[in-house]
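Structure first, commentary second.
Since every read-out is calculated from the coordinates, none of them should be taken as a lab result. Keep in mind the model is a prediction, meaning the values are calculated, not measured. Positions of Cβ are backbone-derived with ideal geometry, glycine not excepted, and every protein chain shown enters the neighbour counts.
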Amino acid sequence: MTIDNPDIPFTLLNRNETQIYVAESGVVGKSGSDLDSGKKNARPHYQASAMSYEMLGDSLVVPLTYRSPSGLIARKIYTFTKDSYVVGVKFELDNQSSSPWLGRFYARLRRDNQPDPGVNKSVGMGMPTYLGTAFWRSDEKYNKLSFEDIEDAANDNQRALNEKITGGWIAIIQHYFVSAWVPNIDETHLYQTSINNRGHYIIGLASPTLTVEPYDKKTVSSQLYLGPKLQDDLEALSDGLNLSVDYGFLFFISDILFTTMKYIHSVVHNWGVAIILLTVLVKAIFFPLSAASFKSMANMRRVQPDLLRIREQYAEDKQRLSQEMMALYKKEKINPLGGCLPMIVQMPVFIALYWSLMESVELRHADFALWINDLSVMDPYFVLPLLMGASMFFQQSLNPAPPDPMQAKVMKFMPVIFTFFFLFFPSGLVLYWLTNNVLSISQQWFITKRIENAG
């Protein structure tokens, strides 16, 4: 769905002339149902008992039946549950013949190389999110295999993935959404990737060989998740599946930030307000570092006339210039790097917060206020980016001008450059940056005035 068409559901899986993205499952093998017709690559045709189904209660069961010429009755049963993105898929195999039935359960996801439809064109610029496959193994709970990895391996007549894994899951991941097969955790399955002759990328799993004795029955089941990347739901479904919300190498910080923001949202019920309050909280935690940084910049601003005088006096003697500047710093008890180091320490938090905002599906179609009705896309009227640029320009006026004229000119253009990039950033990210700037300006103005009055 979209903001303009809220009643039209978002289509995750699709099969048409322009796109193929499907979840498939079945039973195949030495005497599997796919061989009953005697034709290569033939597939059984399951029959439904009704032309349409409607969920009237909390769940809906859709049974499909296939009767093979060899005597196998296969029932494929889908179970849909209200308010859940998990689909139960169960095969009941009834061997009505006098010979054992041999076969394997398989499940796979197949997709073409179409761009990620989960990325709204109005999201604008930013670091690209991941589109590709992923799987679980016991030693590493989240492993990514891009479509390029699968294709490169196929070009070398190999498989990017070809392992036997107990339990686990397979998935195709895109921005905000994931499809995943989760088989029986107690069984060992063969996990594989491939690319077919139509250029479709495939990640799949196959169970050990099933033997159904004559006039006996067996059941095999799996779960299929089709929906948004909701961390709590994914974690409850399978170990490590919540990591498909990919926060990058700073995931441990992003997790803390998002958990905090989610708690704030549970109180204020507005994701925009939650972003503002989270920014205030982060700013409060780093207050001592920020204060040290602003104090150093204020002191640099105070001695700026002396620095300019020294530069003019010793312009032709670089060694003496360096000595005199260091002597001034020592006399005034100023660390010339004091304004930079605290900011460097805070950068990992800023990057982690960027990813927590960028990857959180909760911000998709999340309303803030006035014209901002979707924090995951750019501001349609560019008000927030322009305010952010103005705040950056004002904050820069509080800092001492760089002694080097060329560096000073470059710094003057920084607010313009940042504003241009932020025009196309999701409004949730711009709101965070604007709030951070306003808080920084307030803190910096207070510290600067206090030092100037003391001097």
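Remark on segment 14-246: ratio of C-alpha radius of gyration to 2.2 N^0.38 Å is 1.06. Protection proxy ranking for 427-438, 103-114, 8-19, 195-206, using the average of other Cβ atoms within 10 Å per residue and placing the highest first: 427-438, 103-114, 195-206, 8-19. A P(r) calculated from all alpha carbon pairs of segment 128-223, with 10 Å bins opening at zero, reads 15, 43, 30, 10, 3, 0 percent. Shape summary of segment 156-297, radius of gyration then Dmax from alpha carbon positions: 22.5, 84 Å. Phi angles of segment 281-287 translate, via the Karplus equation with coefficients 6.51, -1.76, 1.60 and θ = phi - 60°, into HN-Hα couplings of 5, 4, 5, 5, 5, 9, 4 Hz per residue; Gly and Pro are given as x. Legend: calculated FRET efficiency, residue 397 to residue 148, from the Cβ-Cβ distance at R0 = 41 Å, rounded to 0.05, equals 0.30. Once the chain from residue 49 to residue 164 is taken as fully extended at 0.36 nm per residue, the excess over their C-alpha distance is 37.7 nm.
How long is the gain from residue 446 to residue 287 if the chain were fully straight, where each residue apart is worth 0.36 nm and the alpha carbon distance is subtracted? Numbers along the way, then the final one.
Working: separation 159, 0.36 × 159 = 57.24 nm, distance 1.29 nm.
This chain segment gains 55.9 nm when fully extended.
The modelled label-to-label distance between residue 280 and residue 8, using points 7 Å beyond Cα along the C-beta direction, is 4.0 nm. In this simple spin-label approximation, residue 371 and residue 188 carry label points 7 Å from Cα along the Cα→Cβ vector, and these lie 6.2 nm apart.
How high is the FRET efficiency from residue 141 to residue 219, r the C-beta distance, R0 25 Å, rounded to 0.05?
On the way: r = 28 Å, r/R0 = 1.12.
Using R0 = 25 Å, I get an efficiency of 0.35.
Size estimate for segment 50-178 follows the Kirkwood approach: the inverse of mean 1/r over distinct Cα pairs works out to 18.7 Å.
Along segment 11-17 the Karplus relation, 6.51 cos²θ - 1.76 cosθ + 1.60 evaluated at θ = phi - 60°, assigns HN-Hα couplings of 8, 8, 7, 7, 9, 8, 5 Hz to successive residues, with x for each Gly and Pro.
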